[in-house]
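The values are calculated or read from the model by the stated rules, or taken from the named source; none is laboratory data. Here the structure is a predicted model, which is why all the values come from computation and not from measurement. Glycine also receives a Cβ, built like all others from the backbone with ideal geometry; neighbour counts cover every protein chain displayed.
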Amino acid sequence: RQERYHSLRDVPTETKDGVPISLQMNAGLLVDLPQLDAAGAEGIGLFRTELQFMVASTMPRARDQERLYSAVLDAANGRPVTFRTLDVGGDKLLPYLSQSPEENPALGYRALRLALDRPGLMRTQLRALLKAAAGRELRVMFPMVTEVTELRQAREMIRREFKHLTRFGHVMPNRLKVGAMIEVPGLLFQLDELMELLDFVSVGSNDLFQFFYAVDRGNARVATRFDDLSAPFLRALKLIVDAGQRHDVPVTLCGEMAGRPLSAMALIGLGFRSISMSPPSIGPVKAMIVELEAEKLSEALARQLDGGHPAASPRQLLVDFAEAN
Ligand code: PEP
Ligand code: MG
């Protein structure tokens with residue numbers, strides 16, 4: 001099998017019926033970077049910047065942040081890299097950042113909520129990103145967006161830092177793309193407003209699933225109780241794909257489901273054309289894609305999801321489809 005994955009590495013990722021799919025990888029530390037070439041990823045769809053903060057015993061200095069981001073862009077060598085701003089709080093606590101204990105940390109003071117309230121932290125990070133990407137493309141993505149207004153504030157912060165650095169003579173990125181993670185179900189009802197403000201979106205299906213079904217993603221007793229290949233969850237994902245198409249905004253998905261071949265198949269059936277996963281999943285997912293009849297699957301899945309109360313679950317349909325084709 002390993003050999004099969006290896007032989008696929010330099011083959012373009014395309015379904016059997018000719019639909020190109022972009023496979024990206026998730027990363028967070030320098031040690032992940034050699035995987036870009038090893039796994040044959042088209043870019044980094046999710047760079048989790050909080051990892052540098054989590055492995056440190058003191059707050060990483062601005063120049064250490066800049067150095068890491070610059071090294072990541074060097075390693076990517078022109079391939080796109082999407083940097084997610086600090087996703088801390090919740091279960092990702094930093095020992096050197098004082099935070100009061102919370103009863104429901106996943107629903108608490110975390111990620112963009114914290115970043116907008118303590119702007120010093122995010123301002124430093126945004127500056128480090130802007131400087132590291134001098135003369136190159138910079139893609140910045142905000143985690144745990146809940147309301148469109150938060151995104152307006154976050155965009156305004158980037159604009160101010162850009163202006164500030166320009167005034168001091170720093171070379172700025174030659175292209176800036178701003179995106180948001182869709183992780184909070186409330187965003188599903190603001191998709192049109194959201195898309196108007198953004199250059200791209202990425203579905204954080206780990207958190208979206210957790211909040212959609214109200215199941216703690218880290219609690220094994222409940223986390224497997226509901227299915228991410230169930231009709232309600234797939235319909236939610238479809239709403240996002242459709243909104244992206246309406247607004248011509250690229251949509252990707254970077255949660256764990258992207259790395260499971262059967263789920264990745266479902267995503268392509270829903271219309272996703274770009275997904276990001278941990279590097280070891282790229283081979284198995286690519287092996288599935290080159291055998292997939294995307295159009296046929298799309299039709300079958302749409303019939304299932306629109307079709308009232310079919311007897312079988314979407315998961316069963318996907319398993320049957322995979323076996324028959
Ligand atoms: C997600 O929520 O799906 C995601 C990619 O972010 P994280 O797993 O880092 O919360
Ligand atoms: Mg998340």
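Some observations on this one:
- For the stretch 173-189, the set of residues classified as more than 16 Å from ligand 2 (Cβ to nearest atom) and surrounded by fewer than 18 Cβ atoms within 10 Å (Cβ to Cβ) consists of Asn174, Arg175, Leu176, Lys177, Phe189, listed by residue number.
- Residue count, the stretch 97-145 (criterion: more than 20 Å from Val55 (Cα to Cα), touching a Leu at 6+ places or on another chain (Cβ under 7 Å) and within 15 Å of ligand 2 (Cβ to nearest atom)): 3
- For beta carbons closer than 6 Å, sequence separation of 6+ or different chains, a first residue in the stretch 249-276 that is without any contact (Cβ under 8 Å) to a residue 60 or more places away in the chain and a second that is among the acidic types (Asp, Glu) and within 14 Å of ligand 1 (Cβ to nearest atom), the qualifying pairs are Met257/Asp228.
- The residue list Lys238, Lys286 contains one member that is part of a helix (DSSP H, G or I) and closer than 19 Å to Gly186 by Cβ, which is Lys238.
- Selection status of Val145, assigned to a loop (DSSP other than H, G, I, E, B), modelled with pLDDT of 95 or more and touching a Gly at 6+ places or on another chain (Cβ under 6 Å): no
- Subset of the stretch 212-235 [assigned to a helix (DSSP H, G or I) and either on the phi > 0 side of the Ramachandran plot or in contact (Cβ under 8 Å) with a residue 40 or more places away in the chain (or both)]: Ala231, Leu234, Arg235
Table: residues versus (1) within 21 Å of the chain's Cα centre (by Cα); (2) buried (at least 22 other Cβ atoms within 10 Å of the Cβ).
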| position | (1), (2) |
| --- | --- |
| Asp117 | no, no |
| Thr124 | no, no |
| Met144 | yes, yes |
| Arg155 | yes, no |
| His164 | no, no |
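- Wholly within the stretch 53-136, helices (runs of 4 or more DSSP H) carrying at least 3 residues that are small (Gly, Ala, Ser), more than 16 Å from ligand 1 (Cβ to nearest atom) and free of Cβ contacts under 8 Å to residues at least 60 places away in the same chain: 62-76
- Residue satisfying all of: in the stretch 126-139; farther than 10 Å from His170 by Cα and either among the charged types (D, E, K, R) or modelled with pLDDT under 95 (or both); surrounded by the fewest Cβ atoms within 10 Å (Cβ to Cβ) among these: Glu137
- Qualifying position, being among the aromatic types (Phe, Trp, Tyr) and buried (at least 22 other Cβ atoms within 10 Å of the Cβ), among Phe272, Phe233, Phe211, Phe226: Phe272
- Extreme residue, nearest to ligand 1 (Cβ to nearest atom), among residues of the stretch 190-205 that are outside any loop (DSSP other than H, G, I, E, B) and crowded, with 17+ Cβ neighbours inside 10 Å: Ser205
- Residue list for the stretch 15-38, restricted to those being in a helix (DSSP H, G or I), within 20 Å of the chain's Cα centre (by Cα) and in contact (Cβ under 8 Å) with a residue 24 or more places away in the chain: Leu30, Asp32, Gln35, Leu36
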